[in-house]
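Here is the structure we will look at, set down as structure tokens.
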Amino acid sequence: MFYNIIQRKRNEWLSREDCPVKSLLSYIDSKGMMRDAQIEAIKTYLFLKIECNNKPLWRLFAEGSFLSLDLDDIILTAKARSILETNQAAATLYEYACLKDDKGNIVAPVLKQYIEEHPEEIAYVEVFKKLFYSVAYPDYIFSLPMGAGKTYLMAAFIYLDLYFSLNEPDNPVFAHNFMLLAP
């Protein structure tokens, strides 16, 4: 479900007129050499790298980077509303809890209810840190099926990082070197 939240914001970024990777993605698409899953992964990778400044996922969620919740349409207690309006991590966790699955069921009804009834008892930032293993570095996992071309995709990520590092040599978001370890 976290992917759906990221994907929604990624697609908003890609549809903006000032999106810096539109021509690059258009080029990749026009060549017809990559599978749809690979192109989707590249879009997400570039979004997290460029628009999200390569921050760890826990930080992005805690800072409300993917937040799109409209609290005006939700019935809440005054205390819950106050916390959700002022705490980005709380609002993001609540938005996650309110998501619906493919069958229209709320993803985390117990969490949703707990946040509504006890909003002050949760250490929201710590929840996100634990969900994403408390790593202090960007840790993005791309889950693709067997035969989808993950090795080719990894090479594309390396190439893209090196390409952008040449264009912006002082930008620490882009790597200048890589080390590959293979068994």
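The values are calculated or read from the model by the stated rules, or taken from the named source; none is laboratory data. Remember, it's a predicted structure, so these values are computed and weren't measured experimentally. Counting neighbours? That spans all protein chains shown, and the Cβs are built from the backbone with ideal geometry, glycine included. What goes into the accessible areas is simple: the full protein's heavy atoms, side chains included, and nothing from ligands, DNA or RNA. Shrake-Rupley method; radii C 1.70, N 1.55, O 1.52, S 1.80 Å.
With respect to GLY104, is the statement that it is open to solvent by less than 50 Å² (accessible area, probe 1.4 Å) and on the phi > 0 side of the Ramachandran plot true?
Numbers: open to solvent by less than 50 Å² (accessible area, probe 1.4 Å): yes; on the phi > 0 side of the Ramachandran plot: yes.
The answer is yes for GLY104.
When each of ALA175, ALA123 is tested for being open to solvent by less than 80 Å² (accessible area, probe 1.4 Å), more than 17 Å from the chain's Cα centre (by Cα), among the aliphatic types (A, V, I, L, M) and farther than 22 Å from PHE66 by Cβ, the lone residue that passes is ALA175.
LEU160: open to solvent by less than 90 Å² (accessible area, probe 1.4 Å) and either free of Cβ contacts under 8 Å to residues at least 60 places away in the same chain or part of a loop (DSSP other than H, G, I, E, B) (or both), yes or no? Spelling it out, it is not the case that LEU160 is open to solvent by less than 90 Å² (accessible area, probe 1.4 Å) and either free of Cβ contacts under 8 Å to residues at least 60 places away in the same chain or part of a loop (DSSP other than H, G, I, E, B) (or both).
The numbered conditions (1) without any contact (Cβ under 8 Å) to a residue 12 or more places away in the chain; (2) not in a helix (DSSP H, G or I) are all true for PRO20 except (1). The residue of region 44-73 that is farthest from SER134 (Cα to Cα), among those that are in contact with a Phe, Trp or Tyr (Cβ under 9 Å, 6 or more places away or on another chain) and of a type in the set (Lys, Arg), is LYS49. In summary, LYS43 fulfils each of the numbered conditions (1) farther than 20 Å from PHE2 by Cα; (2) touching a residue at least 24 places away in the same chain (Cβ under 8 Å); (3) of a type outside the set (Ser, Thr, Tyr) with the single exception of condition (1).
Can you pull out every residue in region 76-99 that is in contact (Cβ under 8 Å) with a residue 24 or more places away in the chain and basic (Lys, Arg)? Listed by number, the list holds a single entry, LYS79.
Tallying residues that are more than 16 Å from ILE5 (Cα to Cα) and open to solvent by less than 30 Å² (accessible area, probe 1.4 Å) within region 77-101 yields 2.
It is to be established whether one or more residues within region 33-42 are among the polar types (S, T, N, Q), farther than 20 Å from LYS129 by Cα and in contact with a helix residue (DSSP H, G or I) (Cβ under 8 Å, 6 or more places away or on another chain). Can you show your working first?
Our first condition is that a residue be among the polar types (S, T, N, Q); within region 33-42, this holds for 38.
Those left that are additionally farther than 20 Å from LYS129 by Cα: 38.
Imposing the further condition that a residue be in contact with a helix residue (DSSP H, G or I) (Cβ under 8 Å, 6 or more places away or on another chain) reduces the set to 38.
Looking for residues that are among the polar types (S, T, N, Q), farther than 20 Å from LYS129 by Cα and in contact with a helix residue (DSSP H, G or I) (Cβ under 8 Å, 6 or more places away or on another chain), one finds at least one in region 33-42, hence yes.
Among the conditions (1) more than 21 Å from LYS150 (Cα to Cα); (2) part of a helix (DSSP H, G or I); (3) open to solvent by 80 Å² or more (accessible area, probe 1.4 Å); (4) out of contact with any Ser or Thr (no Cβ under 9 Å at 6 or more places or on another chain), the only one that ASP29 does not satisfy is (1). Somewhere in region 147-168, is a residue modelled with pLDDT of 90 or more, more than 20 Å from ILE28 (Cα to Cα) and out of contact with any Gly (no Cβ under 9 Å at 6 or more places or on another chain)? Yes; the residues of region 147-168 include at least one that is modelled with pLDDT of 90 or more, more than 20 Å from ILE28 (Cα to Cα) and out of contact with any Gly (no Cβ under 9 Å at 6 or more places or on another chain).
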